[in-house]
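Asks: This is the structure I have questions about; it appears just below.
The values are calculated or read from the model by the stated rules, or taken from the named source; none is laboratory data. Bear in mind that the values here come from a model prediction, so they are computed numbers and not experimental data. Note that we place each Cβ from the backbone using ideal geometry, even for glycine, and neighbour counts take in every protein chain shown. When the accessible area is computed, the model is the full protein with side chains, heavy atoms only, and any ligands, DNA or RNA have been set aside. Shrake-Rupley method; radii C 1.70, N 1.55, O 1.52, S 1.80 Å.
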Amino acid sequence: DLVSTLSTIADRVNEIIDCKKFVKSGCIAAAGRVSDFGTSVEITNYRGGEDNKHRNMNLNELPVLLFPENHSRIINDLESTCYGISGLSGRKVVNEYFDILLGPDEESNTPELSFQHYLVIAVGTGMGVGLIM
């Protein structure tokens with residue numbers, strides 16, 4: 001299951017670096033509905049074993065070596081994409097990875113905004129939408 005796999009990964013990482021010393025916070029992105037202020041997720045399209053008990057993942061089940069208590073969160077996978085785009089925007093390299101589909105361009109008389117809005121749409125088993133403002 002996912003939790004035991006993450007525990008194995010945590011043990012291996014801890015063999016390389018001292019996780020208690022160097023890992024100050026943790027974040028994991030999952031496809032599904034995140035609830036309880038980032039402390040649990042119902043993972044979409046994951047059976048979770050024969051009894052389906054691991055379909056719901058709780059933050060307190062994750063290895064503290066990678067997800068220190070009170071300094072970690074579960075976020076939606078599309079939310080993590082939005083954070084990534086925001087980071088690219090901050091470095092002014094969004095256009096190296098994405099095409100502008102709607103908005104000011106060099107040929108228009110529309111003044112550029114001092115801020116950016118991005119819409120992220122992900123089509124999978126459902127329709128995920130994220131808006132960065």
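Asks: For N76, which of the numbered conditions (1) closer than 30 Å to H117 by Cβ; (2) open to solvent by 80 Å² or more (accessible area, probe 1.4 Å) fails to hold?
Replies: Going through (1) closer than 30 Å to H117 by Cβ; (2) open to solvent by 80 Å² or more (accessible area, probe 1.4 Å) one by one, N76 breaks only (2).
Asks: F67 is checked against (1) touching a helix residue (DSSP H, G or I) at 6+ places or on another chain (Cβ under 7 Å); (2) modelled with pLDDT under 95; (3) among the aromatic types (F, W, Y) and fails just one. What number does that condition carry?
Replies: Only one criterion is unmet by F67, namely (2).
Asks: From the list G32, G38, G26, which residue is on the phi > 0 side of the Ramachandran plot, modelled with pLDDT of 90 or more and under 18 Å from the mean Cα position of the chain (by Cα)?
Replies: G38
Asks: Among the residues of segment 86-96, is there at least one that is within 28 Å of L6 (Cα to Cα) and either in a loop (DSSP other than H, G, I, E, B) or not aliphatic (A, V, I, L, M) (or both)?
Replies: yes
Asks: While we're looking at this one, here's another question. Looking for whichever is surrounded by 11 or more Cβ atoms within 10 Å (Cβ to Cβ), among the hydrophobic types (A, V, I, L, M, F, W, C) and more than 29 Å from A122 (Cα to Cα) here; the options are C19, C27. Which one fits? Let's see the steps before the verdict.
Replies: On the way: C27 fails: more than 29 Å from A122 (Cα to Cα).
Only one candidate qualifies: C19.
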